[in-house]
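For reference, the structure is listed below as structure tokens.
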Amino acid sequence: QPTASFQEIHRVLKPGGVVILEGLNKDYPKWRLSVLRVLMRLRTAAPSVITYHLDAYRIAHTREWVEELFTTTGFQILDTEGKPRDWRFLIVAQKT
């Protein structure tokens, strides 16, 4: 329940408080995930480890969507890190 979670963060954070969020990017190219899977197998990662990492991308969100969640729940975006198709992103937001 992302919207409810962001509303709760906004509720408990004092005015001017800052949130730093790092997330996996849903826009990360699928072909790169395939390469990641192969590399993990070559490095003899356990099947459960491979599944865990790849499943994380299935439930990930785009940076754009998370930024929208921040702004619609009353935060101001202060900074972002990560290109639109990078594997992860970082958002720094402040309660207005």
Subject >> Top-ranked residue of the stretch 50-93 - restricted to ones that are of a type in the set (Phe, Trp, Tyr) and outside any helix (DSSP H, G or I), ranked as farthest from LEU24 (Cα to Cα) >> reply: PHE75
Subject >> Options THR80, THR62, THR73; residue that is out of contact with any strand residue (DSSP E or B) (no Cβ under 8 Å at 6 or more places or on another chain), in contact (Cβ under 8 Å) with a residue 12 or more places away in the chain, polar (S, T, N, Q) and surrounded by 13 or more Cβ atoms within 10 Å (Cβ to Cβ) >> reply: THR73
Original post:
Which residues, taken from the stretch 14-39, are closer than 30 Å to GLN94 by Cβ and open to solvent by 70 Å² or more (accessible area, probe 1.4 Å)?
Top reply: LYS14, PRO15, VAL18, ILE20, GLU22, LYS26
Original post:
Which of the residues that make up the stretch 13-35 are aliphatic (A, V, I, L, M) and within 15 Å of LEU78 (Cβ to Cβ)?
Top reply: LEU13, VAL18, VAL19, ILE20, LEU21
Original post:
Here are some residues: VAL19, VAL35. Which one is out of contact with any Phe, Trp or Tyr (no Cβ under 9 Å at 6 or more places or on another chain) and of a type in the set (A, V, I, L, M, F, W, C)?
Top reply: VAL35
**OP:** May I ask you to list the residues in the stretch 12-61 that are out of contact with any Ser or Thr (no Cβ under 9 Å at 6 or more places or on another chain) and of a type in the set (Lys, Arg)?
**Re:** LYS14, LYS30, ARG32, ARG37, ARG41, ARG43, ARG58
**OP:** Among the residues of the stretch 40-49, write down those that are in a helix (DSSP H, G or I) and surrounded by 10 or more Cβ atoms within 10 Å (Cβ to Cβ).
**Re:** MET40, ARG41, VAL49
**OP:** Go through ILE20, ILE9 for me and flag whichever is assigned to a helix (DSSP H, G or I) and touching a residue at least 12 places away in the same chain (Cβ under 8 Å).
**Re:** ILE9
Subject >> Index of the failed condition, TYR52 passing every other in (1) of a type outside the set (Gly, Ala, Ser); (2) farther than 23 Å from PRO2 by Cβ; (3) open to solvent by 50 Å² or more (accessible area, probe 1.4 Å) >> reply: (2)
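The values are calculated or read from the model by the stated rules, or taken from the named source; none is laboratory data. Keep in mind it's a predicted model, so treat the numbers as computed, not measured. For neighbour counting, all protein chains shown are included, and Cβ atoms are generated from backbone atoms with ideal geometry for every residue, glycine included. Heavy atoms of the whole protein, side chains included, go into the accessibility calculation; ligands, DNA and RNA do not. Shrake-Rupley method; radii C 1.70, N 1.55, O 1.52, S 1.80 Å.
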